[in-house]
Structures are given as structure tokens and as C-alpha cells.
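The structure under discussion appears below in the form of C-alpha cells.
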Amino acid sequence: MIAQGAAQIVVYGVVLLALSYPLGLWMARVYGRQRADPLERAFLRLLGRDAAADQDWKRYASSLLCFELVCSMFLYGLLRLQGHLFLNPDGLPAVPWQIALNTTASFVTNTNWQFYGGETTMSYLSQMAGLAVQNFVSAGVGMAVLAAVVRGVARRAGGTVALGNFWRDLYRSVAYILLPLSLVLAVILLSQGVPQTFRGRVTATTLEGRSQQIARGPVASQVAIKQLGTNGGGFYNANSAVPFENPTGLSNVCEMLALLLIPFAQIVMFGRLANARRHAWVIYAVCVTIVAVGVGIAYPAEQHGSSVLRHSGVNLAAGSGQSGGNMTDKEVRFGIADTALWATATTDVSNGAVNGGLDAFTPLGGAVPLVNMFLGEVEPGGVGSGLYGMIFLILIAVFVAGLMVGRTPEWLGKKVEAREMKLAALGALFVPTLVLVLTAAAVASPAGRASIFNPGAHGFTEALYAYTSQANNNGSAFAGYGATTFSATLGTVALYLGRFVPLLAALALGGSLAAKKTVPVSAGTFRTDGATFGVLLLGVIVLTAGLLILPALTLGPIAEGLRG
Amino acid sequence: MRALVASAACLALCTVVLGLAYPALVTGFAQIAFPHQANGSLLVRDGSVVGSSLAAQAFASPRYFHPRPSATQPAYDAAATAFSNLGPTNPALARLIARNAQAILRLERPYNPGLTIHDIPVDAVVPSGSGIDPDISPAYAELQARRVAAVRHLPLATVERLIAKSTVGRSLGFFGEPGVNVLELNLALDAEHHG
């Protein structure tokens, strides 16, 4: 059973590699192409005069921020008004303002933190025209920003400040990547049993004569993009643990592949567009290493089970008749291996969908997703946001190496100077600092502590997890952490700041690099395409965020793990 | 101002294409190609819906196989799924496990002499992820088989044959873990009894 679990994990990795490579090549063509297709031209004409013009980073950012503002207002309005609108067969009322505010921030920022209850809160219209639309466009915005930053890096001649066009990049992300992949995944999910209907709940009369309500709806179309766009917000409250979102072992592996597919593919894309293929493979390998270490810790930890389970006396042994281990809040059809792998994968990217309850994970098993997120969602991170987050850390690594050999640091032929380093440091350190400040506020105030569900050190971990997840735009949760006006508002702050501060730093960085001339490689240039750089980068990732979270880890998972 | 107009136009277009046309297209396809799954994998007996093969339902009678514990309020609510969120060291989890294990021992021991807590598979005593996990582990089905056979006056072999029939193996023989679909198994038992 254990060997079977390990084999599933290895096969998953191989298939992921095999799929992400061709997709990366395709993405490089999509963003690198000069000519627009007729639909793209029509789309840009619809948006108005000048909508197709080349933009420097400031114009790119202002188009983006304006779009996000309009999205936020529309989504908030929709959630508040859903009770009066159509496609609401179960007659759900308006979403309360705190939850609507948090959910709006959550979906616009590609986070999909769930303070809402899915099937009990959202009408079909809100799910489709509100949440799922943001699933597409928030992912598309991240991918657009990455494309712009990579163009800045790839400009050889220097002197130009143009990074591309926001609307064009958004269109290409959705039309050529997200929508086609979603259609394919939706069909696979349908074949496995995921519902797709506009009809409302069914009331069944059970074999013992009770009445049972069964929620359904347009689930497959929503789950597909939620998995692919590093979104993660479930149609149902219990997300992909619910059989209607994830009915079989096959649907589960496809959803897990969708979690990591685009984030890994974009590393390949970056290597092509920036003409730095070996460098990209080093980044790819660093990310694979972090994923492998994470699942290598989480799987045995969950299989071993918690002290409470071991002392209870029930049979935890993996055998032919059961997967054993910590099955609390896990589903039989996934068992331990697939749930541990999912929890690791969903937090290595900023997805946050879950196929089991993380709050019930063992202290060590639950620390893996927490640390994964805290590393900054760069391994490989969210669609777009992951790689531009990684670029901050790459610059820090290059800078550290430059200090050691006493040369001005260079990255891909561009001199890295004070402005770039300031932006990289801002991008890398802002979110971890924000997490610690917000967590402190949440555990120091009675209003914040009201959200905590489990007693003791685990309760602290719930709060830490909540703000780590929201500020890093992940969206997974130790779901016992409850929604109050205080926590929903604090979360909204985490969501918006955690998304837009690094995003703007990345665009500014792209603009700054675009203006620089490429200098020729010399014998003294620090090489970024070998194993040495890989180890250095790994060290920088671990040290930058890892040291910041260590004190908080001792108060949470480590304290809990030592106790039992 | 121009950017605001462009943003509004873009969002409007996205809402129509991605928010309405895309789910409508998938729904149209689903209703033609996979009508049973698309409407919730509902199970019908004598013309009325008795549940879904993707949702556990409550069973209390000893004549039936019982599903895993559920943390939804009330239990097995397929319209309000929920984790238990009980932390690994929470004393409430220890109490819940003890209570569930004692209940199983009381129920099953008369038919499984010498049954101890060490024989109870873990999935039988801890809440499932969704609260409506339709499956139990093959080990838990095996544990319940003697009781169901005895109460229904069926040969154990018949019950075991029905368990095997309701066992969902790994997808493609490889992905996921095997489980026994409780509702399908109980329906098969009832059919066996009548037939």
C-alpha cells in the first residue's frame, strides 16, 4: 500500500513533466507572437481607441489596476444582489457584506480563500458569472504580468521601456491557454461523475425513509478553471474532498495535474522567451526539489498518524483492506498518499484547493503546506505570480553571489543595480512581514481570537495559516478558523496588499530591466545555468522567508508536535 | 476615464463569454453526453430518488452497512458539506474516536466474537473529508459483513459477493484507493432480499 502510494506520486511527477514541457513551448509562442488573430483585433477594438498601444510599466499597471477595481465593484455588487437575480434555483439570499467583501478580494486576487460556504451561500449566477469569471481573469492577469516582466528581461537592445499591452496579454492568457485547457478538463471531470446542470437541489428519500438534500449545479465547468488557474475556490464548501467535485482516483490525479501544470509550464516558457533555457531548467529543478521534499515529509507524517490516533487503539496499519494512517477529514477513495500529495502541490502553487481537511493534518504534515506558502508561493507558485515572485529571489541570489566574488551582479546579461535590488527586496520581504504583523494582530486581540476553533498551539497555527494563506494568495485553510467581521476585514487587507505590492514591484522591475542594455558574457560572469546556482537559489528561498517564519513555527506546529 | 471604459467593456465581455457561454456550453454537452453524471449520479428505486452514488446517507438499522462518520450538521447533509476541522491533538477528537469505537464494538461484537478496538479500521471512527464520503474501506466492509449476513439471514458468501460487486477499485487499476460504495451495496442487499 505504501509502495503503491509512492509509485502514484512518482508517476504523477513524470506525467507532469511530460505535459508541462509542450505547454510551456506553446505558451512561449502565444506571448511571443507579433501578429494578432482577428478575434484579438476585434476584442481590442471593442475596448476603445489606443487599447492596443504598447505600454510602459506604469501604463500597463494603471490598466491592470483599473480593471481590478471594476472587477471588485462588479463582483461585490453581484454577491450582494444575488437574491434578486436569476439562476438562483435554491433561493439563496444576499451574501453578508463582510463575507462578500472578503470573497471579492479573495477572487480578484487569484486567492479563493473561502470564508463563504459554497453550496450554502452562492447562487449559480454568483458562481458562474461572478466567481468563475474571476477565476479566469485573475489567473489571466497574473500570466499577463509575467509575460510583461519576461519581455522586459528579454529586451536585448535596451533603451525601450515598452513591456507589451495588458489587454492583449490578458486576452491571450484566457483565449489560448486557460479556456481551452478548462474545456478539456471539464469533459474529463464530467466523464468521472462531476455534475453540470442548472437545475437546483434534489430531495431524496433515503433507504431508511429520511429526507436528504443533494446540492448540484454547474460544477464541472467551475472546478476545471479553479484547478487550472491556481484559484481553488470550491463549488462546495468542502472543496475537492466532495465526491461531486472529485469523484474518482482519475479525476483526482487530473485535478492534481491541473494544479501544477501551468506554473511549471511557465518556467519552460520563460526559458524560451528570455533565451535562457538552461537557467530555466535550474529553476524547474529547484521547484521540483521543494515539491519532492514537501511530499516526502507530509506523506510519512500522515501515514504515521497523530498521537491521539495512535493512543486510541484503532487499526492504523496500511494494508490490503485500508490505507490506514490519519484518515481524519480525508476520503477513502484518495487515502493518505493522494491527500498528502495534493496538500503539498496545492500550496507549492498558490492554488489552495484541497481534497481533505488540512486542519486535521498531523502537526508535521500540516506544517508542510504552511511552510510551502510562507516561502512566497514561488515553488513554482501561482500562474504568473509564482515566477515573477521567483525572479525577486533569483535577483537576491545573484546579488549574494556578486558580493562573494566582488563584481556588479548580472542576470541574463542585465546589470543588477540598486533600484532592481530595492524592488526585489520589497517583492520578496513584503508579504512575509505582512503575514507576521497580521497574525500578531489576530492573536493579540479578543476579536481576532474569536475565530480560532481548536485549542492550544493548534489554534495559533490556524490563525498563522489564515493570514499566510490570504497574504500569499493561496486560499487553502485550516478551515476551523471562522469568519467574523474582524477576520474577514483583516483578511481583505492581507489579500489586496499581498497581491498588488509584489505585482507592482515586479512590473517596475520589468520596466527597469527593459531599459538596460545587455552586456556580453565574460569569463568573470557568475553562471546561473548550473547546479551551483540551483543550490544557491534554494538556499536563498529557504533563508529569505524560512528564517522569518521559524519563530512562529515553534509557537504553532512545533509546539504541538512536541506535545504529542 | 478611457481605462475605466475599457475595463468595463472587458469585464462585460468576459462575463458573457466565460461566465455564461462557457458553463452553458459545458452544460449542453454534459446533458447530452453524460446525463446521469451531469444530474448528480442519482439512484432511483421504484420511481423515486433514493440518493446519489456520490453521497453517503445515514444508516442506523443493523440490516444495512453503515457509512463513515460525518461532520456535517446534520450528519450526511449533501447540501452543506463540511470538514470536522478537529485538530490532531484536540481532546474532542480523542473523545469522538472513543465514542465511535465503542458504538462499533457494541454493534458488531455479537457477530464477531473476540472483536477488539485494534480490529477497527481507522476510517470507521474518524469523520470523512466531505462529510458525505460514499465509500468505506474494504476492511470496514469486511468487519460489518457478518452482522448484515446474520441479521438478514443471508449466507456470508452472498454478502461478500455483493461487497465485491460494490467495490470501486483504483482508477485504471492505479490511481486512488479502493473503497466500497455503501449506498450501492445496501441497494444490492435489498434487491437480493426481495429477489
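The values are calculated or read from the model by the stated rules, or taken from the named source; none is laboratory data. Treat the numbers as computed from the prediction; the structure is a model and nothing was measured. Cβ: placed from backbone, ideal geometry, glycine included. Neighbour counts: every protein chain shown.
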**Asked** Does any residue of segment A:22-35 turn out to be at pLDDT below 95 and among the hydrophobic types (A, V, I, L, M, F, W, C)?
**Response** no
**Prompt:** Listed residues B:ALA24, B:ALA58; which is touching an Asp or Glu at 6+ places or on another chain (Cβ under 9 Å), among the hydrophobic types (A, V, I, L, M, F, W, C) and without any contact (Cβ under 8 Å) to a residue 24 or more places away in the chain?
**Reply:** B:ALA58
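Which one is nearest to B:GLU142 (Cα to Cα) among residues in segment B:66-92 that are among the small types (Gly, Ala, Ser) and either within 9 Å of chain A (Cβ to nearest Cβ) or assigned to a strand (DSSP E or B) (or both)?
Restricting to residues being among the small types (Gly, Ala, Ser) and either within 9 Å of chain A (Cβ to nearest Cβ) or assigned to a strand (DSSP E or B) (or both), the top hit is B:ALA71.
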**Item:** Unique match (being at pLDDT 95 or above and within 14 Å of chain B (Cβ to nearest Cβ)) among A:VAL332, A:VAL268
**Value:** A:VAL332
**Message:** Can you confirm whether A:LEU261 is in contact (Cβ under 8 Å) with a residue 40 or more places away in the chain, within 14 Å of chain B (Cβ to nearest Cβ) and over 17 Å from B:GLU177 (Cα atoms)?
**Reply:** no
**Request:** Among the residues of segment A:296-318, count how many are more than 7 Å from chain B (Cβ to nearest Cβ) and of a type outside the set (A, V, I, L, M, F, W, C).
**Result:** 9
**Asked** Can you tell me how many residues in segment A:481-508 are buried (at least 24 other Cβ atoms within 10 Å of the Cβ), within 14 Å of another protein chain (Cβ to nearest Cβ) and not aromatic (Phe, Trp, Tyr)?
**Response** 0
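May I ask you to say which residue of A:GLY324, A:GLY381, A:GLY352 is at the interface with chain B (Cβ under 7 Å from one of its Cβ atoms) and not in a helix (DSSP H, G or I)?
Working: A:GLY381 fails: at the interface with chain B (Cβ under 7 Å from one of its Cβ atoms); A:GLY352 fails: at the interface with chain B (Cβ under 7 Å from one of its Cβ atoms).
None of the other options fit; the residue is A:GLY324.
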**Prompt:** So which residues in segment B:42-100 are of a type in the set (A, V, I, L, M, F, W, C), within 19 Å of A:GLY459 (Cβ to Cβ) and surrounded by fewer than 17 Cβ atoms within 10 Å (Cβ to Cβ), if there are any at all?
**Reply:** B:ALA92
**Fill in**
Just one listed residue, out of B:ARG95, B:ARG106, B:ARG63, B:ARG99, is modelled with pLDDT of 95 or more, outside any helix (DSSP H, G or I) and more than 9 Å from chain A (Cβ to nearest Cβ), and it is B:ARG63
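Could you say which residue among B:ALA149, B:ALA141 is surrounded by 14 or more Cβ atoms within 10 Å (Cβ to Cβ) and either touching a strand residue (DSSP E or B) at 6+ places or on another chain (Cβ under 8 Å) or at pLDDT below 95 (or both)? So that I can check it myself, show each step before the final result.
Numbers: B:ALA149 fails: either touching a strand residue (DSSP E or B) at 6+ places or on another chain (Cβ under 8 Å) or at pLDDT below 95 (or both).
Only one candidate qualifies: B:ALA141.
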**Fill in**
Within segment B:130-151, residues among the polar types (S, T, N, Q) and either part of a helix (DSSP H, G or I) or more than 8 Å from every other protein chain (Cβ to nearest Cβ) (or both) come out as B:GLN144
**Request:** Out of the residues in segment A:398-412 that are closer than 20 Å to A:ARG155 by Cα and under 30 Å from the mean Cα position of the chain (by Cα), state the one that is surrounded by the most Cβ atoms within 10 Å (Cβ to Cβ).
**Result:** A:VAL398
**Request:** Answer yes if at least one residue in segment B:105-116 is free of Cβ contacts under 8 Å to residues at least 60 places away in the same chain, aliphatic (A, V, I, L, M), over 24 Å from A:ARG210 (Cβ atoms) and surrounded by 23 or more Cβ atoms within 10 Å (Cβ to Cβ), and no otherwise.
**Result:** no
**Request:** Scan B:LEU185, B:LEU154, B:LEU162 and give me the residue that is more than 10 Å from chain A (Cβ to nearest Cβ), over 20 Å from the mean Cα position of the chain (by Cα) and outside any strand (DSSP E or B).
**Result:** B:LEU154
**Complete:** Checked segment B:82-104 for anything farther than 14 Å from A:MET327 by Cα and in contact (Cβ under 8 Å) with a residue 40 or more places away in the chain; matches are B:ALA82
**Prompt:** Among the numbered criteria (1) surrounded by 22 or more Cβ atoms within 10 Å (Cβ to Cβ); (2) over 24 Å from the mean Cα position of the chain (by Cα), which single criterion is violated by A:ASP37?
**Reply:** (1)
**Asked** What are the residue pairs meeting all of these: first residue in segment B:70-81, first residue closer than 17 Å to A:GLY357 by Cα and touching a residue at least 60 places away in the same chain (Cβ under 8 Å), second residue among the aromatic types (Phe, Trp, Tyr) and assigned to a loop (DSSP other than H, G, I, E, B), Cβ atoms under 6 Å, and 6 or more apart or on different chains?
**Response** B:SER70/B:TYR76
**Request:** Among what's in segment B:34-58 and is touching a helix residue (DSSP H, G or I) at 6+ places or on another chain (Cβ under 7 Å) and facing chain A (nearest Cβ under 7 Å), pick the residue that is nearest to A:PRO247 (Cα to Cα).
**Result:** B:GLN37
**Item:** Out of B:SER61, B:SER70, B:SER48, sole residue that is under 13 Å from the mean Cα position of the chain (by Cα) and either polar (S, T, N, Q) or not assigned by TED's automatic domain parsing to the domain that holds B:LEU143 (or both)
**Value:** B:SER70
**Item:** Pick from segment A:162-203, criterion outside any helix (DSSP H, G or I) and over 17 Å from A:PHE235 (Cα atoms), ranking: nearest to the other protein chains (Cβ to nearest Cβ)
**Value:** A:THR203
**Fill in**
Selection from segment A:133-161 of residues surrounded by fewer than 24 Cβ atoms within 10 Å (Cβ to Cβ), in a helix (DSSP H, G or I) and in contact with a strand residue (DSSP E or B) (Cβ under 6 Å, 6 or more places away or on another chain) yields A:ARG151
**Prompt:** Looking at segment B:101-124, which of its residues are over 22 Å from B:ALA149 (Cα atoms) and in contact with a helix residue (DSSP H, G or I) (Cβ under 9 Å, 6 or more places away or on another chain)?
**Reply:** B:VAL122
**Message:** Please return the ranges of helices (runs of 4 or more DSSP H) entirely within segment A:457-564 where 3 or more residues are closer than 20 Å to A:THR347 by Cα.
**Reply:** A:457-471, A:485-514, A:531-553
**Prompt:** Out of curiosity, is A:LEU189 farther than 18 Å from A:VAL223 by Cβ, surrounded by 22 or more Cβ atoms within 10 Å (Cβ to Cβ) and not acidic (Asp, Glu)?
**Reply:** no
**Request:** Name the one entry in A:THR433, A:THR461 that is within 14 Å of another protein chain (Cβ to nearest Cβ) and either within 28 Å of the chain's Cα centre (by Cα) or of a type in the set (Gly, Ala, Ser) (or both).
**Result:** A:THR461
**Request:** Run down B:LEU4, B:LEU18 and say which single residue is in contact with a Phe, Trp or Tyr (Cβ under 7 Å, 6 or more places away or on another chain), more than 30 Å from B:SER166 (Cα to Cα) and of a type outside the set (Gly, Ala, Ser).
**Result:** B:LEU18
